[in-house]
Amino acid sequence: MILALPPQVRQCCAIKLLLLAGSFYGSPAFALQDAGAIAADSSNASANLEPRIEDGKQIYDAALFARFVPQTAEDMVRQIPGFTITGGGGERGLGEATQNVLINGQRINGKSNDAFTLLGRTPAAAVVRIEILDGASLNIPGLSGQVLNLISENNGIKGSFGWSPRWREKIDTPWLNVEVNLSGKLADGDFTLGLNNRNSYRAGGWGAEIVRNGAGELQYVRDFFSTFDGDNPKIAGSYSRASSAGSVFNLNGEAALNIFRRRSERQLSGPAIADRRELATGSEDEWNYEISGDYEFAVAGGRLKLIGYNRFEHSPTNSFFRQIFSDGSPDDASRFERTANEGESIARGEYSWKNGHADWRISAEGVYNFLDAQSGLFVLDEDGVFQPEPIDNGNSRVSEKRGQIILSYGRPVTAEINLQAQLGGEYSQITQTGAGGLTRQFVRPKGQLALAWKASPHLDISAKLQRKVGQLNFFDFLASVDLQDDNDNAGNPDLVPPQSWLAELELNRKLGAAGSINLKFQHERFSDIVDQIPVAGGEAPGNLAGSAHRWSAEINSTFLLDNLGLKGAKLDLAGYWQNSSLTDPLTQQKRRFGFDRKWTWSADFRHDITNSLLAWGFGLGDQSNAPFVRLNYQFRERNNKPRTYMFIEHKDIGGLKLNAQLINLIGQNEQSQEIFYSDRRADLIDETRFGTNFYGRIFQLSVSGNF
């Protein structure tokens with residue numbers, strides 16, 4: 001569960017996530033394997049990352065990555081020209097495959113235990129090769145475009161570790177950002193085991209917010225200092241075993257904590273108010289687990305795969321807001337508490353068989369997921385005692401029972417073209433107990449048609465048309481409280497899952513020794529899309545009438561610079577542009593989806609210096625989002641400058657690999673604007689707030705090794 005936060009907090013969290021992404025992609029942590037071998041491989045860096053082509057696959061043998069001294073399979077995958085991991089984590093049930101990563105030809109049957117997690121637990125020494133191929137050419141329904149297949153083999157027990165503290169002005173250091181991974185053989189099978197807190201962070205910012213009334217007159221200035229601390233320690237493992245008869249067994253599990261704290265201290269002064277101090281805090285103390293397993297075996301001329309999945313999450317959260325007035329007026333304070341239990345259980349079966357050149361598969365899946373939440377609102381009275389206040393629709397249980405059946409068919413149409421088709425549907429029953437609770441049933445069609453065309457030895461083109469059913473956020477059924485700005489949600493028991501048609505075209509151009517370029521274009525047409533609407537008691541997320549649209553273009557490219565005379569260097573360029581349109585439920589005018597991504601871009605340079613153990617690099621990037629819109633409220637944010645970083649790396653200092661990185665070189669800060677309307681339809685403004693959030697420069701040290 002993610003704690004509902006006021007805009008200022010969402011703003012700082014967005015910065016934190018952006019910086020984490022920038023540093024993670026800019027300088028992944030690698031481990032030392034053999035210093036002498038590294039020096040030799042570095043001197044041969046001109047071999048670059050050109051794959052060999054075999055049966056239409058791009059094959060990257062493990063030796064091609066030696067110059068990067070990878071610690072894990074994840075480190076290798078991040079260096080593949082033009083490839084990006086997509087999908088996974090937020091899908092409806094398990095469904096057909098969506099994440100474009102396979103492990104030894106098998107899809108990953110998990111959510112938290114996703115591709116990044118499994119690749120991060122696989123040691124580089126266990127990797128035999130990495131294959132890039134088109135998903136529509138596989139007998140794995142749901143995949144299209146570029147798909148990565150990791151071929152690994154464990155011999156003996158291997159381990160790796162990493163530690164990445166950060167230092168920032170005014171912000172605590174996350175000393176416990178560590179991970180330890182172990183893998184090897186166990187009882188004729190392969191296992192991985194990982195203990196990590198790699199998502200640990202200490203973030204925050206400081207600045208000022210200028211508040212004016214609708215006439216533009218200064219009301220007050222709010223100076224603030226905010227911190228956000230998070231730790232996500234987890235233990236995760238997997239076990240796989242293949243029998244001599246061809247049966248395959250996989251088991252994955254994870255248990256984790258998610259501990260979050262936020263604190264914002266503010267000083268308000270101005271001509272329109274009594275001077276005051278504000279304190280806003282929040283916390284979450286979540287624990288969760290996930291377990292999944294599958295067993296595949298031959299039966300009746302085909303293969304049957306049985307899959308089970310279960311996840312549970314317990315999340316107590318707390319928000320607190322207090323105002324202390326300098327004129328001696330009584331304090332104003334309130335507290336909102338919620339304890340939420342969430343769970344999902346899935347049983348799935350897949351039976352596949354061949355008929356001539358055609359691959360057939362039928363799958364059936366049953367899902368039960370739920371949210372059970374208890375909420376409380378408390379307001380400080382004149383005697384300084386917190387008194388409970390009623391919340392309509394604050395305590396409720398929302399559950400969904402769902403079943404789906406999909407028939408899949410795939411075959412080569414010509415030597416260069418492969419076809420994949422799926423057709424089926426789902427039945428779901430959504431039940432809400434408590435005030436205003438309802439039980440409703442839905443039947444929805446689902447399916448996909450995909451084509452893969454090898455237009456030339458250097459150009460792959462894929463296209464798909466997909467009918468999708470979206471996943472509802474069960475918290476939208478419940479009431480929530482914004483203690484500071486009264487941006488409350490009343491909850492909506494009438495929500496239905498959105499549906500859409502998605503059309504996608506992907507082109508992958510291999511440049512040989514010069515790199516790779518990947519282009520992707522999408523258009524999605526929605527019905528029943530969810531946005532803020534008027535409901536009894538205020539406003540809440542709800543379904544919009546009519547259709548909505550989103551279209552996008554994306555490029556991911558890698559240019560290897562050896563042929564330009566810069567041996568061992570590469571440049572990664574990425575960009576994403578998106579537009580969208582829906583009918584605003586209040587004004588009936590067309591606008592973008594709320595807080596929709598408008599564009600992103602990034603450029604990352606890395607140079608592994610030949611005949612040395614040194615590497616260096618730098619990068620920059622930026623992004624922009626559409627405004628977040630409520631019925632009488634709008635929130636915008638922008639960065640004043642691009643994100644920037646530079647790093648230097650040594651691959652053997654006392655048997656360890658060290659990467660030092662400096663982030664935010666040119667002083668990026670974040671600017672926000674909030675508009676509170678008395679009537680947004682008439683553009684009547686009640687109040688505006690303009691804020692600037694500073695967070696300074698960041699120094700990160702990454703230390704890693706093997707054992």
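Rule-based calculations on the coordinates, nothing more; no lab input. All values derive from a computational prediction rather than experimental measurement. Cβ atoms come from the backbone with ideal geometry, glycine included; neighbour counts cover every protein chain shown.
Volume per residue for segment 326-374 equals 106 cubic angstrom (convex hull of Cα atoms). Averaging 1/r across all pairs of distinct Cα atoms in segment 81-191 and inverting the result yields a Kirkwood radius of 16.1 Å.
Taken along its three principal axes, the alpha carbon spread of segment 204-276 comes to 81, 24, 15 Å, from the longest extent down to the shortest. Segment 627-651 and segment 504-547 have Cα centres separated by 20 Å. Could you list log10 I(q)/I(0) for segment 512-553 at q = 0.17, 0.19, 0.24, 0.31 Å⁻¹, which the Debye formula gives when each Cα is one point scatterer? For the requested q values the scattering log ratios are -0.63, -0.69, -0.85, -1.01. With θ taken as phi - 60° and the Karplus curve 6.51 cos²θ - 1.76 cosθ + 1.60 applied, the whole-hertz 3J(HN,Hα) list for segment 503-509 is 10, 9, 10, 10, 10, 10, 9 Hz, x standing for glycine and proline. With a simple spin-label model that places each label point 7 Å from the Cα along the Cα-to-Cβ direction, the separation between Ala513 and Ala603 comes to 2.5 nm.
Seen against the Cα atoms of the chain and their longest principal axis, helix 7-26 is set at about 20 degrees.
Centre-to-centre, using Cα atoms only, segment 194-239 and segment 589-619 are separated by 22 Å.
Distance distribution P(r), segment 240-325, all Cα-Cα pairs, bin width 10 angstrom from 0: 14, 23, 17, 14, 12, 9, 7, 4, 0 percent. Kirkwood-type hydrodynamic radius, segment 401-458: 14.4 Å, calculated from all non-identical alpha-carbon pairs. If the Kirkwood radius is taken over C-alpha pairs of segment 210-357, then at 10 °C and 1.306 mPa s the Stokes-Einstein diffusion coefficient equals 77 µm²/s. Normalised by 2.2 N^0.38 Å, where N counts its residues, the alpha-carbon radius of gyration of segment 175-297 equals 1.83.
Split the chain at each of the trypsin sites (Lys or Arg not before Pro) in a DSSP loop with at most 16 other beta carbon atoms within 10 Å, and the longest piece is 171-680.
Relative contact order, whole percent, for segment 438-519 stands at 29, derived from Cα pairs under 8 Å and 6 or more residues apart.
Please report, to two decimal places, log10 I(q)/I(0) for segment 496-626 at q = 0.18 Å⁻¹ as given by the Debye formula with identical point scatterers on the Cα atoms and no solvent. Debye intensities relative to I(0), on a log10 scale: -1.00. Each Lys and Arg contributes +1 and each Asp and Glu -1, all at the Cβ; summed about the Cα centre of the chain, the dipole is approximately 1900 debye.
For Thr339 and Phe297, what is the calculated FRET efficiency with R₀ set at 41 Å and r taken between the beta-carbons, to the nearest 0.05?
0.45
Suppose R0 equals 45 Å; then what is the FRET efficiency for Thr414 and Ile555 from their Cβ-Cβ distance, rounded to the nearest 0.05? Could you put the intermediate results ahead of the total?
Numbers: r = 28 Å, r/R0 = 0.63.
Step by step, r from the Cβ atoms, then E = 0.95.
Between Thr692 and Val128, the simple label model (points 7 Å from Cα in the Cβ direction) yields a spacing of 5.9 nm. Note on Ala208/Ser326: beta-carbon distance plugged into 1/(1 + (r/R0)^6) with R0 of 25 Å gives a FRET efficiency of 0.85. Only one residue of Ala274, His314, Val299 has its Cα farthest out toward the positive end of the dipole of segment 244-333, where Lys and Arg carry +1 and Asp and Glu -1 on Cβ, and that residue is Val299. Count the net charge of all other residues whose Cβ sits under 9 Å from the Cβ of Gln374, scoring Lys and Arg as +1 and Asp and Glu as -1. Result for the local shell: -1. Each pair of Cα atoms in segment 316-424 enters the Kirkwood radius, and Stokes-Einstein at 37 °C and 0.692 mPa s then converts it into a translational diffusion coefficient of 170 µm²/s. Hydrodynamic radius of segment 466-573 by the Kirkwood approach over all distinct alpha-carbon pairs: 17.6 Å. Taking 0.36 nm per residue of separation and subtracting the Cα-Cα distance, full extension of the segment from Asn579 to Leu423 would add 53.2 nm.
Rounded to the nearest angstrom and listed largest first, the equivalent-ellipsoid semi-axes of segment 563-622 from its Cα gyration tensor are 44, 10, 5. Start at zero, step by 5 Å, and the Cα-Cα distances of segment 596-659 spread as 4, 14, 16, 14, 10, 10, 9, 8, 6, 4, 3, 1, 0 percent across the bins.
Charges were assigned to the Cβ only: +1 to each Lys and Arg, -1 to each Asp and Glu. The resulting dipole of segment 240-331 about its Cα centre is roughly 220 debye. Where in segment 374-435 are there GluC sites (Glu not before Pro) that are in a DSSP coil and have at most 10 other Cβ atoms within 10 angstrom of their Cβ? Within segment 374-435, the qualifying GluC sites (Glu not before Pro) (loop, at most 10 other Cβ atoms within 10 Å) are Glu382.
So if the hydrodynamic radius of segment 642-705 is defined as the Kirkwood radius over C-alpha pairs, what does Stokes-Einstein give as its diffusion coefficient at 37 °C and 0.692 mPa s, in µm² per second? Stokes-Einstein gives a translational diffusion coefficient of 213 µm²/s. Remark: the Lys170-Glu389 segment gains 75.1 nm on full extension, using 0.36 nm per residue and subtracting the alpha carbon distance. Normalised by the number of residues in the chain, the average gap of Cα pairs under 8 Å and 6 or more apart makes the relative contact order 12 percent. Taking the square roots of five times each eigenvalue of the Cα gyration tensor of segment 395-540, the equivalent ellipsoid has semi-axes of 42, 21, 10 Å, listed largest first.
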